[in-house]
Amino acid sequence: MDIKAVILAAGKGTRMKSETTPKVLHQIMGKTLLGYVLDNVKNFVSEEFVIVGHHAEDVEKFVNTNYSNAKTVLQTPQLGTGHAVSMVCPNLENFDGLVLILCGDTPLIKEETLKNFVEFHKTHSSDITVMSTIFENPTNYGRIIRDTDNSLKCIVEEKDANTEQKAVKEVNAGIYCLNWSKVKSAFGELKSNNAQGEYYLTDIISWGKIQNLNVNAYILDDSDEIYGINSRTNLAEATKMMNRRNLEKYMVNGVTIVDPDSTWISEDTEIGQDTIIYPATYIEGKNKIGKNCKIGPCAHLRGDVEVFDNVKVGNFVEVKKATIKSNTNVGHLSYIGDAELGENVNIGAGTITANYNPLTKTKSKTTLKDNVKIGSNSVLVAPVTIEEGANIGAGGIITKNISPWALAITRSPLKVLENWVKRQIKQ
């Protein structure tokens with residue numbers, strides 16, 4: 001059965017207190033909150049619809065630039081979550097499959113969890129399935145209200161809940177699976193007679209019960225997965241939660257993390273066995289690190305980095321959009337950006353690939369072929385290619401290509417003034 005996804009991303013996120021960045025475009029380790037959600041459904045749905053509103057142009061640009069299988073749908077004005085989903089109805093007028101509805105501010109949800117959720121919906125012959133979880137402190141979440149036979153009766157938002165309902169610890173996780181042909185008419189019948197005067201998506205549960213549809217709730221075991229981002233405090237906590245999950249995965253797979261408390265690694269990074277990540281290292285974005293590597297301490301990989309086997313990236317090294325092939329060492333206090341380093345290359349301490357032209361605002365590539373040796377405190381001004389086996393003397397400023405096995409030196413001749421210090425003291 002065909003599946004499409006609808007992702008709610010129109011909200012302002014007032015508690016984020018961000019004037020320039022919509023909530024769903026705030027980042028965790030170099031990736032937007034919305035990006036996590038889109039990535040977690042793209043592999044098993046045929047099409048994604050992102051409902052935009054606040055800072056719509058920015059969200060549309062992000063989606064259109066990064067996701068070919070996703071479309072944006074404008075919600076204006078924003079009249080609630082039910083109203084948001086209704087905006088996509090014209091796009092799904094003749095669709096006869098499943099619609100998965102998610103929130104754009106829940107980056108911790110896993111693809112595996114969503115697949116299990118959809119499978120639950122299918123095996124229980126559900127028409128409407130909502131994901132729920134248990135919170136010891138359910139404040140700010142809609143409560144799952146069950147009938148006396150334990151079936152799902154309705155969802156009550158906290159602002160509309162009475163004292164008895166607020167005591168319920170089972171909460172709405174904000175994720176739904178719908179048999180679209182049976183449920184789509186609900187979005188033209190929702191009412192706004194609530195404290196907020198909004199059209200709630202949660203009301204489709206009670207609507208479905210009235211229509212004698214099969215309505216179920218899928219209880220999620222790991223409540224961390226639906227942790228929502230509503231403030232900078234939530235963002236920091238979600239980042240920690242995700243990082244703990246990532247580091248555990250790497251360690252289980254044979255990677256040594258010397259100090260998990262000071263190490264940050266994105267979930268889109270692949271790391272081979274027997275690699276050691278030293279303390280205070282920050283790896284963001286999408287990267288691939290091979291086997292038997294040593295990274296850090298205090299290294300920063302900024303994304304689009306591929307490191308082959310047996311590579312050392314030393315302390316206080318920053319790497320961005322670069323390939324580093326096997327048996328290469330990048331010494332401490334260096335910057336490698338927009339670069340390709342071959343095998344058996346040695347980068348001396350303090351080496352800089354000068355990749356950015358501030359006048360044209362363009363970035364150029366530095367290429368170092370196999371067996372190149374770069375002396376300490378050198379600057380490689382891109383675009384530039386250092387051919388195989390060439391050596392660059394310490395302190396070199398390289399502005400043109402260097403031929404194979406050549407030695408390039410740009411320092412001035414050493415001048416020594418004997419007894420100069422003593423003469424200065426006598427004055």
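Here are the numbers for this structure:
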item: Residue-averaged 222 nm ellipticity for the chain, from DSSP H runs of 4+ at -39500 (n - 2.57), nearest 500; result: -5500 deg cm²/dmol
item: Distance between modelled label sites at GLN424 and ASP160, nm, 7 Å Cα→Cβ extension; result: 8.0 nm
item: Rounded accessible area of MET1 (nearest 10 Å², 1.4 Å probe); result: 150 Å²
item: Computed over the range 29-98, Kirkwood Rh from alpha-carbon pairs, angstrom; result: 13.1 Å
item: Descending semi-axes in whole angstrom, ellipsoid equivalent of the chain, from the Cα gyration tensor; result: 55, 21, 21
item: Rounded to whole Hz, the Karplus (6.51, -1.76, 1.60) HN-Hα couplings of the range 126-138, x for glycine and proline; result: 6, 9, 9, 10, 10, 8, 10, 7, 9, 10, 5, 10, x
item: Inverse of mean 1/r across different Cα pairs in the range 167-251, Kirkwood, Å; result: 16.0 Å
item: For the range 161-178, Karplus couplings with θ = phi - 60° (6.51, -1.76, 1.60), whole Hz, Gly/Pro x; result: 7, 8, 4, 5, 5, 5, 7, 6, 9, 7, 10, 6, 7, x, 10, 10, 10, 10
item: Efficiency of FRET from Cβ geometry, LYS249 and ASN69, R₀ 30 Å, rounded to 0.05; result: 0.70
item: Accessible area (Å², 1.4 Å probe, nearest 10) - LEU213; result: 40 Å²
item: Computed FRET value (nearest 0.05) for LYS288 with GLN211, which takes r as the C-beta separation and R₀ as 56 Å; result: 0.65
item: Extension gain, ASP261 back to TYR356 (0.36 nm per residue minus Cα-Cα distance, nm); result: 30.8 nm
item: Accessible-area composition of the chain, carbon plus sulfur, in percent [1.4 Å probe]; result: 47 percent
item: Simple label model, 7 Å out from Cα along Cβ direction - GLU93 to LYS240, nm; result: 5.1 nm
item: Whole-angstrom Cα spans of the range 282-427 along principal axes, big to small; result: 61, 34, 33
item: Under-5 Å amide H pairs with CYS103, H placed in peptide plane, nonlocal only; result: LEU8
item: Which of ARG245, ARG302 is most accessible, then next, and so on - probe 1.4 Å; result: ARG302, ARG245
item: Calculated Rg and Dmax of the range 87-212 using C-alpha coordinates, Å; result: 14.6, 42
item: Ratio Rg/Rh [Cα only; Rh per Kirkwood] for the range 332-400; result: 0.95
item: Highest-first arrangement of 100-111, 136-147, where packing means the average Cβ count within 10 Å; result: 100-111, 136-147
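The values are calculated or read from the model by the stated rules, or taken from the named source; none is laboratory data. None of the values given here were measured: they were computed from a predicted structure. Neighbour counts run over all protein chains shown; Cβ positions are idealised from the backbone, glycine included. What goes into the accessible areas is simple: the full protein's heavy atoms, side chains included, and nothing from ligands, DNA or RNA. Shrake-Rupley method; radii C 1.70, N 1.55, O 1.52, S 1.80 Å.
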